[in-house]
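Here the structure comes first, spelled out in structure tokens, and everything after it is commentary.
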Amino acid sequence: MSWDFPNPFTWDLTVNPADIDGMGHANNACYVVWCENCAWKHSESLGLSVLDYQRLDRGVAIHKASYEYFLPSFEHDQLIIATWLTHWDRKLRLERRFQVTNAKSGETVMRGHWALICTALSTGKATRFPAEFIAVYGNAVIDGS
């Protein structure tokens, strides 16, 4: 696989019949959900789950998201979703990137980028990253330039 960045966290999935839209391919909204699922799996593998977010009253919310679609995916296609944490300011902002590839052809199907901010779950207001987030996510951030 030709990844955009080294050492991605990856998650494999198969396109299901329910993912197919009226145009005969995976609906673009499915990719958004797949990216979210992959991001959570990555966070959990690093040691931060939704339960930790709730315990700390902190979350990482999408401030801005962009997706660029290159090729369609069809029912039963095997996809590999890769993700990386690519930048952060250690205070409030974090970036995550995605690359979805077709496992058989190796071709990139979609790329995504999230600009994230740390928020207090109880208020929804932006706030600084807690020490646990810095310790866990800080070690996973790569140079995404």
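Some observations on this one:
- Test: Arg96 is in contact with a helix residue (DSSP H, G or I) (Cβ under 7 Å, 6 or more places away or on another chain), of a type in the set (Lys, Arg), over 27 Å from Thr14 (Cβ atoms) and touching a residue at least 40 places away in the same chain (Cβ under 8 Å): no
- Matching residues, the stretch 44-72, being free of Cβ contacts under 8 Å to residues at least 12 places away in the same chain and not in a loop (DSSP other than H, G, I, E, B): Glu44, Val50, Leu51, Arg55
- Only residues that are over 15 Å from Asp12 (Cβ atoms), surrounded by 15 or more Cβ atoms within 10 Å (Cβ to Cβ) and not β-branched (Val, Ile, Thr) were counted across the stretch 73-88, and they come to 4.
- Flag if Phe5 is under 15 Å from the mean Cα position of the chain (by Cα), crowded, with 17+ Cβ neighbours inside 10 Å and over 18 Å from Ile134 (Cβ atoms): no
- One residue alone among Lys64, Lys91 is surrounded by fewer than 14 Cβ atoms within 10 Å (Cβ to Cβ) and modelled with pLDDT under 95, and that residue is Lys91.
- Qualifying residue in the stretch 112-125 (condition: among the charged types (D, E, K, R), surrounded by 17 or more Cβ atoms within 10 Å (Cβ to Cβ) and assigned to a loop (DSSP other than H, G, I, E, B)): no
The values are calculated or read from the model by the stated rules, or taken from the named source; none is laboratory data. These numbers were taken from a predicted model, which means no experiment stands behind them. Methodologically, a virtual Cβ is constructed for each residue, glycine included, from the backbone with ideal geometry; neighbour enumeration extends over all protein chains shown.
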